[in-house]
Amino acid sequence: MISYNPKDWITFIFRFHKADTFRQLIPMMIFIGLYSAGIAYLEIEYWVLPEDSHVKNISIMHGMLGFVISLLLVFRTNTAYDRWWEGRKIWGSLVNNSRNLALKLSAILTEESDRAFFRKIIPSYASILNKHLKDEETSKQLFEDVIIEHHKHRPNQVAKILFHKINDLYNSKKITGDQLIIINHEIQSLTDICGACERIKNTPIPYSYSAFIKKFIFFYVMTLPFGYVFNLGYYVIPVVIFTFYVLASLELIAEEIEDPFGNDDNDLPTKKIAENIKRHVEELL
């Protein structure tokens, strides 16, 4: 995730970050520019269309459809941002629940071996979940005497280890039934958080909707030069390029943030959050 100063307008305007959509769209913008130049040349120099040509009326269609495409893109970006923000709230819950679990265990547990176990296992869940969502490999040995198998659901394995340890503490009378109930919510929430993250990751925007918006943008832009050449002449080239840049950028941004758990520049900093959880839990335990 990119850290920046939202009040620094000059940097935003004149700096092209590698995450900026401008770089990604340069090849297509060049194509659109050449295409617009070709249409402008044919209409002005070759076909020599008169001012009362019906082709000029194509711009009426763009005026009617402009409102429609703006509504579609607003809905698209809002939906993608909702998924991004929900992912951030879920990981915020993981931070809070990990702290609360560590706080309660620090007050309940007296033996250093038990405290050391939870000092490692609680942050490990966040670290494993981060790698699980990014489809990254994890080291074979989580820590001493605990093995994570790659072909099985890795966060579930860590949660299972945690549940078994809590049950062993209860059976050995190191914690009471009331204390078990007190820490049960935080333990159970780990699996709920994992499921919520997987729901976002594994449920993309419906294909038909995404494909329709891309086709709509493409054909909308490709028909722009025909009607606006009469009013703009060769200036239609930069106008069409800029229009394409704005519309396509909104779609690219939505595509990037709708899966907030990847490695893109604007995705959530889940690795950093997991490292913060580790630091905070070690302080508490």
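The values are calculated or read from the model by the stated rules, or taken from the named source; none is laboratory data. The structure displayed is predicted, hence computed values, not measured ones. Using ideal geometry, Cβ is built from the backbone for each residue, glycine included, and neighbour counts are taken over all protein chains shown. Quick note on the areas: whole protein, heavy atoms, side chains included, nothing else; ligands and nucleic acids left out. Shrake-Rupley method; radii C 1.70, N 1.55, O 1.52, S 1.80 Å.
Rounded to the nearest 20, the size of the Cβ-charge dipole of region 165-262 about its Cα centre is 100 debye, with Lys and Arg at +1 and Asp and Glu at -1.
Say we join alpha carbon atoms closer than 10 Å with springs in a Gaussian network model of the chain; which of Glu111, Glu256, Glu43 then has the biggest fluctuation? Judging by the Gaussian network model, the answer is Glu111.
As a calculated quantity, the FRET efficiency between Asp20 and Val95 at R0 = 25 Å, using C-beta atoms, amounts to about 0.25. From the coordinates of this entry, volume of the Cα convex hull per residue in Å³ is computed, and it appears in (1) 132; (2) 162; (3) 172 under the label (2). Net charge within 10 Å of Arg76 by Cβ-Cβ distance, Lys/Arg positive one each and Asp/Glu negative one each, not counting Arg76 itself? Around Arg76, the surrounding residues sum to -3. Computed from phi, the 3J(HN,Hα) profile of region 128-133 under the Karplus parametrisation 6.51, -1.76, 1.60 (θ = phi - 60°) reads 5, 5, 4, 6, 4, 6 Hz, with x in place of Gly and Pro.
Given contacts defined as C-alpha pairs under 8 Å and at least six residues apart, what's the relative contact order of the chain, whole-number percent?
Values: 264 pairs, mean separation 116.9, N = 285.
Normalised by residue count, the contact order of the chain is 41 percent.
The string of couplings for region 111-117 from the Karplus curve (6.51, -1.76, 1.60, θ = phi - 60°) is 7, 5, 5, 5, 5, 5, 4 Hz, one whole number per residue in order, with x for Gly and Pro.
Can you tell me how region 200-260 classifies by the Cα gyration tensor, rounded, prolate or oblate, using a/c under 1.5 as the rounded cut? Note, shape of region 200-260 comes out oblate.
For region 117-265, just say rounded, prolate or oblate: build the C-alpha gyration tensor, square-root its eigenvalues into a ≥ b ≥ c, call rounded for a/c under 1.5, and beyond that prolate if a/b exceeds b/c, oblate if not. Please report the intermediate quantities before stating the final value.
On the way: a/c = 4.66, a/b = 3.65, b/c = 1.28.
Taking the square roots of the gyration eigenvalues as a ≥ b ≥ c, region 117-265 is prolate.
Roughly how many Å² is the accessible area per residue of the chain, as a whole number, for a 1.4 Å probe? Walk me through the numbers before you get to the answer.
Numbers: 16360 Å² over 285 residues.
Spelled out: the 1.4 Å probe surface of the chain, per residue, equals 57 Å².
Taken one residue at a time, the phi angles of region 198-207 give Karplus couplings (6.51, -1.76, 1.60, θ = phi - 60°) of 5, 4, 5, 5, 9, 10, x, 4, x, 4 Hz. Gly and Pro are set to x. Here the chain has 61 percent of its accessible surface on carbon and sulfur atoms, given a 1.4 Å probe and all protein chains in place.
For the residues Met64, Met28, Met222, a GNM of the chain with alpha-carbon springs under 10 Å puts the largest fluctuation on Met64. Of the residues Ala40, Ala211, Ala254, the one that moves most in a GNM of the chain with alpha-carbon contacts below 10 Å is Ala211. Put Tyr220, Tyr207 in order of accessible area, highest first, and with a 1.4 Å probe you get Tyr207, Tyr220.
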